[in-house]
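Enquirer: Below: one structure in structure tokens.
The values are calculated or read from the model by the stated rules, or taken from the named source; none is laboratory data. Not measured: the values here are computed from a predicted model. Here Cβ is always computed from backbone atoms with ideal geometry, including for glycine, and neighbour counts include all displayed protein chains.
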Amino acid sequence: MGKRLHLTLGDDSWTAQVSANTVTLEPGDEAAAIEVEPVASRLRARSPAGEKTGNAVVAGDSVWVTVEGEVFVFDTRRRSQQDRRGGRDQAAFTAPMPATVVRIAVKAGQSVHAGDVLISLEAMKMELPIRAPRDGVVRALHCREGELVQPDQSLLDFE
Amino acid sequence: MDEAADFMIRRILIANRGEIARRIMRTCRAMGIESVAIYSDADAHALHTREADFAEPVGPAPASQSYLNITQVIDAARRAGADAVHPGYGFLSERGEFADACVEAGLTFVGPPASVIRGMGSKTAARATMIAAGVPVVPGETPADQSPAAIAKAVRAVGLPALLKAAAGGGGKGMRVIRESSEVDDAIVAARTESERAFGDGTLYVERLIEHARHIEVQIFGDTHGNVVHVLERDCTLQRRHQKVIEEAPAPRLSPKVRATLLDAAVAAARAVGYVNAGTIEFILEGDGDEARFYFLEMNTRLQVEHPVTEAVTGLDLVRAQLLVASGAPLPFTQADVRASGHAIECRVYAEDARRLLPQSGRLLMYREPVGDGIRVDAGVAEGDTVTVHYDPLIAKLITHGATRDEAIDRMTSSLLSYDILGLRHNISFLLALLRREEVRDSRVHTRFIEEQLDALAAPPDAGLVRAAAAIAAWAATRQTSPVTLSGEDDLSALDPWALIKSVAW
């Protein structure tokens, strides 16, 4: 028996079956079950492919895992439950982290070329330019210079 | 030699935050000196604020309004009844007017005199001083006429590739590499804008770009009794965007002849400027063996981020020496006392997405440091703390010491593998990828190595590792006793994820 759950990581997703310490992942080789067990306050995953030790924290719908210094954030919700965001273009016009808008280089209605800097953000002493992904027009601006913006907040509309 | 100074610091304000504030406090505690922390609104509950004997607020979260606000910091020192100020690194540590303000307020400034800070703070003045002291500098030009046309002319005179630098610069700000003559105009505008924004001074100078060079620096120390010594060298060649990533001591693959000349040059340079307290003279090293040539880059008039590798190999406490010297005592060690034992290496653990090169912020859902012989962790955070967007994304410095360089690196690798940090992305896998490289093992690297090898170093994890992580995630998620996560049906997005964290003691 055991428990079933969904895991999503970026574009990949699995259905995991957990029975005691044995984890099977689909898609994947049925025979390649992975044994997970606690070892000295950490977690060890053993499979025919080898042994990896790391750790995990469950936070709401997310499971944070570290193995060999890598950080993975798995989503345990089903695909249908996950927020549907816009395409890649939309993601390109959001702040990647909380940041300050230091400069807005364009006006609403302005035509721009691919690669032009539209907005400059600054966070942690680094300047992060938001560039036009292709030739197009800035339809509207949703931020002001000096404003502190949050991740995923839309900074402008672009077509 | 009189052992006890007439004056000894009793209560010191540490004008900094994070790991360096804590590291200074540690020595203060050992010496019976009371520590006063300062904190911005964002750091009211930070580790350095909690651990100090006293803590004083200095303003809102942005550093410009708090940690960089001289009036606020001096007021805090007065309120706390401090008799001295340690600036740490960064923030106000290399601002002459801050050293002046401390002295005017009757506070002992732990560092060199303001005149020396100013002299070295101007990169162009420092170059001139070093030339006068007979220390080799990178061939270059400092145009008196600062018009774009005159700077462009200086670039042509120096020859391409060239490096355009801010006279007031540091940390790679206001710096531009010029490879093609078509890039000159844009580079001047970019370097000037960045320099004016970062330092309030747009003065630029030009150096020949020395490629495939190593970055070697010498720790020097002076006191008010005329003693000046070196405390060996460090190799900080592994950098990214002019920020050091891995540092070590002593420098590997450095011929005894070149090392001796380099250390002598550093002491001569320190003497030439009348240096007092801890400082670092940075050089770039070009070539190999006895033929290697070094050039003065800049002098940092403060304690360096990477000072722990020097402490690890020499057994000296540099902060203790700083506090004694600032109190007017002679240096607690002589040149003959300075000897290297084994090898030490330091990795800077940053909150950053190493693939997308972006600093990260977030709450540390899990923070567990490696422990063991020859392992030192200088961290500014603990589990549950938040790494904010306001300051440097350094989480911790991990330092390992071994009898040999190989031993220190092996110990570093195993320490990184057992360092569990969750809640934000960090560069540990990137550091591990670096340490696995043969060029790093053999010390056949140059300052652009990381940039050139970035794709390989930041390669995505292999499928086997991802599957192991997925299995661990599945196991951990099913051990979660809270019904909310197992059902997966409830919308939890409005809740603070911290409230849902299960305590993890597997």
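Enquirer: For the stretch B:35-68, which positions are surrounded by fewer than 21 Cβ atoms within 10 Å (Cβ to Cβ) and polar (S, T, N, Q)?
Expert: Within the stretch B:35-68, B:Thr49, B:Ser64, B:Gln65 qualify.
Enquirer: I've got another one for you. Restricting to strands (runs of 3 or more DSSP E) lying wholly in the stretch B:298-379: which have 3 or more residues that are in contact (Cβ under 8 Å) with a residue 24 or more places away in the chain and within 19 Å of the chain's Cα centre (by Cα)?
Expert: Of the strands (runs of 3 or more DSSP E) lying wholly inside the stretch B:298-379, those with at least 3 residues that are in contact (Cβ under 8 Å) with a residue 24 or more places away in the chain and within 19 Å of the chain's Cα centre (by Cα) span B:343-350, B:375-379.
Enquirer: Can you pull out the strands (runs of 3 or more DSSP E) entirely within the stretch A:1-55 that have at least 1 residues that are farther than 14 Å from B:Leu465 by Cβ, of a type outside the set (S, T, N, Q) and out of contact with any Phe, Trp or Tyr (no Cβ under 8 Å at 6 or more places or on another chain)?
Expert: Here the list reads A:3-9, A:12-19, A:34-39.
Enquirer: Same structure, new question: Residue by residue through the stretch B:405-442, note down the ones that are of a type outside the set (D, E, K, R) and out of contact with any helix residue (DSSP H, G or I) (no Cβ under 8 Å at 6 or more places or on another chain).
Expert: B:Ala408, B:Ser414, B:Ser415, B:Ser418, B:Leu422, B:Gly423, B:Leu424, B:His426, B:Asn427, B:Ser429
Enquirer: Then there is this: Which one is farthest from the other protein chains (Cβ to nearest Cβ), of the residues in the stretch A:29-56 that are surrounded by 18 or more Cβ atoms within 10 Å (Cβ to Cβ) and at pLDDT below 95?
Expert: In this case the residue turns out to be A:Ala33.
Enquirer: On to the next question. Does the stretch B:180-213 hold any residues that are aromatic (Phe, Trp, Tyr) and either crowded, with 21+ Cβ neighbours inside 10 Å or not in a helix (DSSP H, G or I) (or both), and which are they?
Expert: Across the stretch B:180-213, the qualifying residue is only B:Tyr205.
Enquirer: Could you tell me how many of the residues in the stretch B:74-104 are closer than 15 Å to B:Ile9 by Cα and part of a loop (DSSP other than H, G, I, E, B)?
Expert: Of the residues in that region, 4 qualify.
Enquirer: Also: Kindly list the number of the only condition in (1) in contact with a helix residue (DSSP H, G or I) (Cβ under 7 Å, 6 or more places away or on another chain); (2) modelled with pLDDT under 95; (3) closer than 15 Å to B:Asp353 by Cα; (4) not aromatic (Phe, Trp, Tyr) that fails for B:Asp455.
Expert: The one condition B:Asp455 does not meet is (1).
Enquirer: Looking at B:Ala99, B:Ala46, B:Ala76, B:Ala55, which one is within 30 Å of B:Arg363 (Cα to Cα), modelled with pLDDT of 95 or more, outside the structural domain of B:Leu204 (by TED's automatic domain parsing) and under 22 Å from the mean Cα position of the chain (by Cα)?
Expert: B:Ala46
Enquirer: Now, a different point. What is the one condition in (1) among the hydroxyl-bearing types (Ser, Thr, Tyr); (2) more than 19 Å from B:Pro113 (Cα to Cα); (3) at pLDDT 95 or above that B:Thr203 does not satisfy?
Expert: Only one criterion in (1) among the hydroxyl-bearing types (Ser, Thr, Tyr); (2) more than 19 Å from B:Pro113 (Cα to Cα); (3) at pLDDT 95 or above is unmet by B:Thr203, namely (3).
Enquirer: What number of residues within the stretch B:165-179 are surrounded by fewer than 21 Cβ atoms within 10 Å (Cβ to Cβ) and among the β-branched types (Val, Ile, Thr)?
Expert: Of the residues in the stretch B:165-179, 1 are surrounded by fewer than 21 Cβ atoms within 10 Å (Cβ to Cβ) and among the β-branched types (Val, Ile, Thr).
Enquirer: Of the residues B:Arg271, B:Arg253, which single one is basic (Lys, Arg) and either touching a strand residue (DSSP E or B) at 6+ places or on another chain (Cβ under 6 Å) or modelled with pLDDT under 95 (or both)?
Expert: Selected residue: B:Arg271, the only one of B:Arg271, B:Arg253 that is basic (Lys, Arg) and either touching a strand residue (DSSP E or B) at 6+ places or on another chain (Cβ under 6 Å) or modelled with pLDDT under 95 (or both).
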